[in-house]
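Scroll down for the structure; my scribbles are underneath it.
The values are calculated or read from the model by the stated rules, or taken from the named source; none is laboratory data. Given the structure is predicted, the values throughout are model-derived calculations rather than measurements. Reconstructed Cβ throughout: ideal geometry from the backbone, glycine too, with neighbour counts over all protein chains shown.
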Amino acid sequence: MTFKELGLDEALLQAIESSGYPNPTPVQARAIPAALAGGDLLVSSHTGSGKTAAFALPCLHRLGQNKPAHGAGPRVLVLAPTRELAQQVEKAFKTYARHLRGLNTACLVGGAPFFAQAKQLARPVDVVVATPGRLIDHLQRRKLRLSEVQTLVLDEADRMLDMGFAEDIETIVAATPAARQTLLFSATLDGVVGRLAQKLTRDPQRIEIVASQTKTGTIEQRLLMADSLGHKTRLLEAVLSGDGLQQAVVFTATKRSAEELSLGLQEKGFAAAALHGDMHQTARNRTLDKLRAGRIGILVATDVAARGIDVAGISHVINFDPPRAAEDYVHRIGRTGRAGRDGIAITFSGPREMGIIRAIERFTGNRLAVHVIEGLEPSARPAAPRGRPGYGDRSGSGGRPAQDARPGSGKGWTGGAGRGNGRFGGEGGRPSSGRSDSASRRTRPDNRW
């Protein structure tokens with residue numbers, strides 16, 4: 001199937017051809033015709049499947065067919081969970097609309113000057129891409145009205161709900177016409193997402209795209225065991241100094257950890273920088289530009305800040321702190337293996353984090369292969385799950401830690417090798433504390449050893 005067969009406007013087809021996209025992806029082939037028909041959609045699709053074009057192209061097609069009344073307000077509203085993703089989506093709209101005359105977009109995100117955004121909204125705007133919080137700010141100050149919205153898009157709806165935006169979304173939806181078209185994209189369509197979909201949509205068509213095994217097969221997934229935070233830090237330095245590493249994204253659980261870890265790497269001579277939610281938008285953009293230009297080799301980021309990063313040169317993703325949810329693992333490792341290149345995803349785990357490791361393996365259906373760096377071997381091997389002797393143990397002996405393996409007990413997992421010190425560990429290898437970068441994660445990760 002070709003894009004021309006989908007019935008898109010000729011101006012859009014020209015933009016698609018100049019962008020180098022020969023054929024639609026599975027989600028595009030199914031979602032674009034359905035969206036053009038005007039019905040509501042619920043779409044479940046994996047990272048990197050081309051979902052942005054799946055909703056941007058039909059939205060632009062409808063905009064090109066009808067001219068708006070002057071100053072009537074946006075006809076397309078896209079909600080995204082993070083600043084980076086919102087900016088990426090607006091960029092895609094501009095790319096596909098390059099041959100459509102007089103089409104204006106606005107990106108409303110936190111961390112950017114409010115009055116500059118208000119000035120954008122003072123002129124006719126066809127497409128608004130926004131994070132929920134900042135959009136609420138503009139609505140409350142009467143800088144924007146949504147009475148002419150024809151199509152509402154919720155991109156990564158599951159992520160927005162995880163971040164606590166449910167009430168904001170309902171407030172925004174209430175300001176749009178009831179006759180609008182709603183397109184909801186999410187990694188899952190069950191649970192809270194399904195309940196939200198029932199409120200927002202009318203007789204929606206459901207489209208689910210299964211992740212391609214050949215796509216994920218380009219990412220080699222590894223597990224490295226660590227006895228303490230200091231041990232984990234030395235493992236990180238060894239990985240970053242290894243052959244074959246081009247650029248890397250290192251994920252931490254908190255903003256403070258991202259700052260401290262990036263500073264520590266800089267002191268070791270690495271070209272590293274932090275990216276997290278407390279940074280001003282100008283600083284975040286500058287950091288991402290340096291990453292794309294190759295001036296930064298290592299980006300230390302939190303989950304929320306890293307959403308939407310698409311840099312083909314990222315060869316490694318390193319989970320310095322394992323994610324709190326198995327779904328986040330898939331989003332993290334999707335930062336590597338881009339543009340058909342191979343990638344390596346490495347997860348560090350301490351004794352108290354094996355529960356999430358097992359959850360990740362169940363969620364992905366893949367076992368994380370245990371690797372060891374010579375000279376930095378852990379003092380104990382991970383326990384084998386029931387019914388699977390030798391799991392993670394090349395000798396097949398199982399390697400279960402002692403029942404009361406706790407910090408300082410001297411049994412099972414110990415913190416003896418590589419106690420933390422200095423910036424990264426402190427006394428006894430205790431990791432830094434700090435608030436999570438996600439509003440939905442109210443509790444501090446239990447990674448104290």
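Observations on the structure shown:
- Some residue of the stretch 55-65 being basic (K, R), in contact with a Ser or Thr (Cβ under 9 Å, 6 or more places away or on another chain) and buried (at least 21 other Cβ atoms within 10 Å of the Cβ): no
- Residues in the stretch 254-305 that are among the small types (G, A, S) and under 17 Å from the mean Cα position of the chain (by Cα) were compared, and the one that is farthest from S241 (Cα to Cα) is G277.
- R142 falls short on exactly one of the conditions (1) surrounded by fewer than 19 Cβ atoms within 10 Å (Cβ to Cβ); (2) at pLDDT 95 or above, and that condition is (2).
- Whichever residue in the stretch 130-146 is assigned to a loop (DSSP other than H, G, I, E, B) and without any contact (Cβ under 8 Å) to a residue 60 or more places away in the chain and, among such residues, is farthest from G38 (Cα to Cα): R141
- Residues being crowded, with 20+ Cβ neighbours inside 10 Å and more than 11 Å from L79 (Cβ to Cβ) - total across the stretch 151-175: 5
Residue-by-condition table, conditions (1) touching a helix residue (DSSP H, G or I) at 6+ places or on another chain (Cβ under 8 Å); (2) more than 25 Å from Q205 (Cβ to Cβ):
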position	(1), (2)
L42	yes, no
S49	yes, no
G73	no, yes
V78	yes, no
A106	yes, yes
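- Taking the criterion of being within 17 Å of N285 (Cβ to Cβ), of a type in the set (G, A, S) and modelled with pLDDT of 90 or more, the residues of the stretch 97-129 that qualify are A106, A116.
- Within the stretch 18-31, the set of residues being surrounded by fewer than 22 Cβ atoms within 10 Å (Cβ to Cβ) and either among the β-branched types (V, I, T) or touching a Phe, Trp or Tyr at 6+ places or on another chain (Cβ under 8 Å) (or both) comprises S19, Y21, N23, T25.
- Hits in the stretch 19-51 - residues which are part of a helix (DSSP H, G or I), more than 14 Å from L8 (Cα to Cα) and modelled with pLDDT of 90 or more: P26, V27, K51
- Some residue of the stretch 219-239 being in contact (Cβ under 8 Å) with a residue 60 or more places away in the chain, within 30 Å of L60 (Cα to Cα), assigned by TED's automatic domain parsing to the domain that holds G313 and surrounded by fewer than 19 Cβ atoms within 10 Å (Cβ to Cβ): no
- For the stretch 72-96, a residue qualifies if it is more than 24 Å from S186 (Cβ to Cβ) and either at pLDDT 90 or above or not small (G, A, S) (or both), and exactly one does: K94.
- Scanning the stretch 81-106 for residues that are in contact with a Ser or Thr (Cβ under 8 Å, 6 or more places away or on another chain) and assigned to a helix (DSSP H, G or I) returns R83, A86, Q88, V89, E90, A92, F93, K94, T95, Y96.
- The set of residues in the stretch 344-356 being surrounded by 19 or more Cβ atoms within 10 Å (Cβ to Cβ) and either in contact (Cβ under 8 Å) with a residue 40 or more places away in the chain or farther than 23 Å from T233 by Cα (or both) consists of I344, A345, I346, T347, F348, S349, G350, P351, E353.
- Conditions (1) more than 23 Å from G110 (Cβ to Cβ); (2) modelled with pLDDT of 90 or more; (3) in contact with a strand residue (DSSP E or B) (Cβ under 7 Å, 6 or more places away or on another chain); number of the one not met by G313: (2)
- Test for L36: is it of a type in the set (A, V, I, L, M), in contact with a Pro (Cβ under 8 Å, 6 or more places away or on another chain), under 14 Å from T151 (Cβ atoms) and touching a residue at least 60 places away in the same chain (Cβ under 8 Å): no
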